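A quick write-up on the structure given underneath.
The values are calculated or read from the model by the stated rules, or taken from the named source; none is laboratory data. Computed from a prediction, not measured in an experiment: that's the story for all the values here. Backbone-built Cβ (ideal geometry, glycine too); neighbour counts: all protein chains shown.
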Amino acid sequence: MTESTWQLVLDSFWPLLDGAIRGTIPLALSSFAIGLVLALGLALMRLSGRAWVSGIARGYISIVRGTPLLVQLFVIFYGLPSIGLVIDPWPSAVVAFSLNVGGYAAEVIRAAILSVPKGQWEAAYMIGMSHRRALGRIILPQAARVSVPPLSNTFISLVKDTSLASLILVTELFRQAQEIAAFSQEFMLLYLEAALLYWVICLVLSSGQGMLEKRLDRYVAH
């Protein structure tokens, strides 16, 4: 690299990092939190004994998992205004990512709930717990431990997927890279630098995932 190239890398580092801190990470965290709440509701609907309730959740999950995230994002930001519903870029991204996470994470949570032995339900009923109380106090805490690895992977994927928000003018890491690259005409350099930052963020998250799994593993009987 020439001196000017190194200088460009140094000069662009802080704007890219700022885009990650103020855009990418908050967008991923807020979308994931909302998506988890939606996913829990969908998972419980899927487990419902009422066919129509389960059918609604099944249909939603099928649509989300069967269509590209980019299309979902464009429908919300570019499509909804055609029917009079205009949403700003940031809320549009949060809505799209949350709905997407909800569809994928719902099946993870449902599988985790089903993995809890039926004897746990029976034991809860024997000591007088209602279905709702048993679910909240006995079943979901155990299911949470099982679902941590796949949900963590979902979050890491979401962090990378937030780069799609640049296509609807949300200022985040990749959007910053695009703007600097357009000005400097160093597209390869800036995109590689952005990719490196995404990689580092995902490495940190993967490390945190491993520590969380080890911590939760202490409470699981072997």
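Here are some notes:
- Residue satisfying condition, being closer than 19 Å to GLY102 by Cα and touching a residue at least 24 places away in the same chain (Cβ under 8 Å), within set GLY19, GLY66, GLY35: GLY35
- Any hit, the stretch 56-70, residues being in a helix (DSSP H, G or I), among the β-branched types (Val, Ile, Thr) and more than 16 Å from the chain's Cα centre (by Cα): yes
- Yes/no for VAL9 being at pLDDT below 95, part of a helix (DSSP H, G or I) and surrounded by fewer than 19 Cβ atoms within 10 Å (Cβ to Cβ): yes
- In the stretch 182-191, the residues that are farther than 15 Å from SER4 by Cβ and surrounded by 13 or more Cβ atoms within 10 Å (Cβ to Cβ): PHE187, TYR191
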